[in-house]
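Report on one structure; see the data block that follows.
The values are calculated or read from the model by the stated rules, or taken from the named source; none is laboratory data. What you see is a predicted model, and the numbers here were worked out from it, not measured in a lab. Methodologically, a virtual Cβ is constructed for each residue, glycine included, from the backbone with ideal geometry; neighbour enumeration extends over all protein chains shown.
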Amino acid sequence: HWIGRKWCLAIASATFTLGAGLQCGADGDRGLGILYGGRVLSGLGTGIASNIIPIYLSELAPPAIRGRLVGLYELGWQIGGLVGFWINYGVEKHLPESNKQWIIPFAIQIIPSGLLFVGSIWIRESPRWLFLHDSRKKAMDNLCWIRQLTPTDIYITEEVAAIDQALEAQKAVGGVGLWKPFQALGQRPNMMWRLFLGCMLFFWQNGSGINAINYYSPTIFSSIGVQPDTVNVMTGIFGVIKAVMTFVWLLFLVDQLGRRKLLLIGGVTGSICMWVIGAYVYVVEPTKHPQESLTGSGIAAIFFFYMWTAVYTPTWNGTPWVINSEFFDPSFRSLAQACTTASNWLFNFLVSRFTEQMFAAMGYGVYMFFASLSFLAFLFAFFLIPETGGIPLEKIERLFELKPIWKADKILKAQLKVEEEQFRHHVKEDLVEYENRDDSSNTYLDNMNANASTDMVLEAEFGPSASGRFDFTLSFESAILSVLPSALFFLLAPQRLFWLSKQPPKITKNSRLAIKLGLIGVYTIFQLVVLIYWVVGPLRMSKIQIAAAVLVFVNGILLALLSYAEHTRTLWLLKSTGVIARLFTTATAIKCLVLVSEAWEKRSILRTQYENLSPESTSGVLSRSVFWWLNPLMKVGFSKPLTEQDLYVIDNGLSATQLFDQARKSWDAANYSRKHALFWSTMWAARSVLLSGILSRISLMAFKYAQPFLIARTVEFSSNLDEAKEVSWLGIDWSVAPGLHWNGHL
């Protein structure tokens, strides 16, 4: 945002080149430190480039072919991955074991990064960035050079007018300085919503399993049944298909078919393919029953895997990058692209970090997991993502104002066509009308902010009538429903963690922990966004509300599972808090998912010594709450008469087998010639149970005997309240007696 797109590319390529050079300089004498340092620099360069390149291409591209030009970034990514794989494959197969096998791949990195550095010096700066920073002359020169048109051409006139209109509107709302976008982001709920959608696109992209397969394709092919000597070749074919389908996506699909349709097709088809592969692994179990060659079903599984690759590559692999480069206004584009790119690498890291553990613990369930997320991605795209193809960047904001979302692009294109025809005949008049409309828009925004401020002043009242209806205010909710339970949780959580740290582990390693921690991590991120929005947003905040947001965020780090539904209900009733309401609703949904993950039955992951525990002990909180764990027992009871062996052992001390053993030992030790030997043997075996009730029964008898005296003493005590009395043991009698009474009944 500050130094421009051009010089950011130069810095990114230089940083990456320096990192690659450091990696080449690593050896046994220097240790791994220089290698780690080189990897860090290469990662920084990759992060900067992956942020800037889609922005730069989208700002240079005309709307009609913007998808193709931004798609060149994805094409370069796939070609680079393909070339990198075959280089590694070649040096592994054809070079003797030496340090050359890893130095050569590191050294080859310098070639593309060096070319990018040289090219970044000669490329033109983005015209939209120059307009954003009031460098109009240079911006016009660059725009005319890129379009190969004269400044007086009607196309240049229309494009410059649209850029000016968008910049004027953004300056009026939030400004275009380096820090202004951060401040203005909280004042633009629609921009926060688009930022959320952009980050979630990368969440669903990584949730499909594409990057898990990119990093662990040999593991995945082995799980399907491919022999070790052909795994690398199959992985190379996987890369070739990705590169070829990226060409198809770039040339024939992204602009012709549209972004939205690609996401929908990829979500459904990818889900079906993953379900088929998962079913094959479940039925055949190729890792447990290896074959010398692939069977017919194994070949079918490979076919569906490559079909998934061929469909998913031109849909969800590159399309989110194109959409995110189009979603945001120029003044927010750098900030938003940085956030969405960071979210992509975050989700990428989470998936790659836990993929091996997931395959080790879940087996075929990994494919079912990716299939489910792919279908959820389809629903997400259908209901929330509009078609951005062919829409000018300066008109994207209007796209989100139109409903329904699946028809918004057609409605907007029809409106833009009418406006374009009017513009060609009345350019100057339209500009004057825009200025007048902009003034009225500012007045409208001022009124909206004033109303929002008034609402928040009322909501700061600690009472139900401030909102004009009988309802809790935000201050009341923050104090009673957030601060109080959050503070209690914050105080009790460390004690619980300390207690758990001293308990022996009972479960084996499994992927459920990773899934649950991932859900809690996403929930915590949402709470952090809510906290930031409360602090920097346009609403007048009270300290109690900020304190509540801080506590909830901290409790999210402590695996917070407290309900926040009352906040969601009230926030949806306020016109000025729509974004926060959506965030709270989403956070609540994530908490429900965390609860579901916690409610999984644990028998399958128990260690051997705990496998015979009762279903009541191993069931989740939901199953125990509704007694769902009794259903298998009822099913047995419907099919045959229940026996003692069918009943669950709640306590080993109460098990029929243990009681029988006690009776057997007592009978073996008894004197058979004694009169009533069986009776005395049974009494001796049950002596502890029989004697345990004696004390409680004696206490109950004493209480019943003393009860009239206690009642009389109580009446006498309460009838003379003015006299000073000694309480004596009255309070203790009333507290101890009920306990003894109930103990006797038990």
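Residues are listed down the side, and each one gets a yes or a no for (1) of a type in the set (Gly, Ala, Ser); (2) closer than 21 Å to Trp2 by Cβ:
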position	(1), (2)
Trp129	no, yes
Ser135	yes, yes
Ile146	no, no
Leu149	no, no
Glu158	no, no
Ala166	yes, yes
Q.
The conditions are (1) closer than 22 Å to Val351 by Cβ; (2) surrounded by fewer than 17 Cβ atoms within 10 Å (Cβ to Cβ), and Gly296 fails exactly one of them. Which is it?
A. (1)
Q: Please find, within the range 138-169, the residue that is surrounded by the fewest Cβ atoms within 10 Å (Cβ to Cβ) out of those that are touching a helix residue (DSSP H, G or I) at 6+ places or on another chain (Cβ under 6 Å) and among the small types (Gly, Ala, Ser).
A: Ala162
Q. If you scan the range 240-288, which residues turn out to be within 19 Å of Asp409 (Cβ to Cβ), within 27 Å of the chain's Cα centre (by Cα) and buried (at least 18 other Cβ atoms within 10 Å of the Cβ)?
A. Val254, Gly258, Arg259, Arg260, Leu262, Leu263, Leu264, Ile265, Gly266, Gly267
(Q) Given the options Ser113, Ser135, Ser120, name the one that is buried (at least 17 other Cβ atoms within 10 Å of the Cβ), assigned by TED's automatic domain parsing to the domain that holds Ile323 and either more than 38 Å from the chain's Cα centre (by Cα) or under 23 Å from Ala26 (Cβ atoms) (or both). (A) Ser113
Q | helices (runs of 4 or more DSSP H) wholly inside the range 646-746 containing at least 1 residues that are modelled with pLDDT under 65 and exposed (fewer than 10 other Cβ atoms within 10 Å of the Cβ) | A | 730-745
**Q.** Wholly within the range 316-388, helices (runs of 4 or more DSSP H) carrying at least 3 residues that are under 17 Å from Thr219 (Cβ atoms)
**A.** 330-362, 365-384
Q) Could we say that Ile79 is β-branched (Val, Ile, Thr), under 31 Å from the mean Cα position of the chain (by Cα) and closer than 23 Å to Phe247 by Cα here? A) yes
Q. Quick check: anything in the range 347-357 among the basic types (Lys, Arg) and surrounded by fewer than 18 Cβ atoms within 10 Å (Cβ to Cβ)?
A. yes
Q | Filtered residue count, the range 233-268, keeping only those that are closer than 17 Å to Phe380 by Cβ and among the small types (Gly, Ala, Ser) | A | 3
Q: Examine the range 391-399 for a residue that is touching a residue at least 12 places away in the same chain (Cβ under 8 Å) and not in a helix (DSSP H, G or I), and state whether such a residue exists.
A: yes
Q. Out of curiosity, is Asn211 under 20 Å from Leu82 (Cα atoms), at pLDDT below 75 and under 31 Å from the mean Cα position of the chain (by Cα)?
A. yes
Q: Just give me the residues in the range 78-87 being in contact (Cβ under 8 Å) with a residue 40 or more places away in the chain and within 23 Å of Leu57 (Cα to Cα), in sequence order.
A: Gln78, Ile79, Gly81, Leu82
Q | Unmet criterion (only one of (1) of a type outside the set (Ser, Thr, Tyr); (2) modelled with pLDDT of 80 or more; (3) touching a Pro at 6+ places or on another chain (Cβ under 7 Å)) for Gln187 | A | (2)
Q. Is at least one residue of the range 223-232 at pLDDT below 75, within 28 Å of the chain's Cα centre (by Cα), among the hydroxyl-bearing types (Ser, Thr, Tyr) and assigned by TED's automatic domain parsing to the domain that holds Phe327?
A. yes
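Is there a residue being out of contact with any strand residue (DSSP E or B) (no Cβ under 7 Å at 6 or more places or on another chain), surrounded by 18 or more Cβ atoms within 10 Å (Cβ to Cβ) and more than 23 Å from Gln337 (Cα to Cα) anywhere in the range 36-46?
Within the range 36-46, one or more residues are out of contact with any strand residue (DSSP E or B) (no Cβ under 7 Å at 6 or more places or on another chain), surrounded by 18 or more Cβ atoms within 10 Å (Cβ to Cβ) and more than 23 Å from Gln337 (Cα to Cα).
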Q. From the set of residues in the range 212-223 that are surrounded by fewer than 22 Cβ atoms within 10 Å (Cβ to Cβ) and touching a residue at least 40 places away in the same chain (Cβ under 8 Å), which is farthest from Phe370 (Cα to Cα)?
A. Ser222
Q: Kindly state which helices (runs of 4 or more DSSP H) lie completely within the range 1-119 and contain at least 1 residues that are under 26 Å from Tyr216 (Cβ atoms) and touching a Phe, Trp or Tyr at 6+ places or on another chain (Cβ under 9 Å).
A: 5-24, 33-60, 66-94
Q) in contact (Cβ under 8 Å) with a residue 24 or more places away in the chain, closer than 28 Å to Phe328 by Cα and crowded, with 16+ Cβ neighbours inside 10 Å: does that describe Leu60? A) yes
Q. Can Asp255 be described as within 29 Å of Cys339 (Cβ to Cβ), of a type in the set (Asp, Glu) and at pLDDT below 75?
A. yes
Q: Could you please give the count of residues in the range 138-161 that are more than 19 Å from Leu69 (Cα to Cα), part of a helix (DSSP H, G or I) and either outside the structural domain of Glu420 (by TED's automatic domain parsing) or of a type outside the set (Ser, Thr, Tyr) (or both)?
A: 9
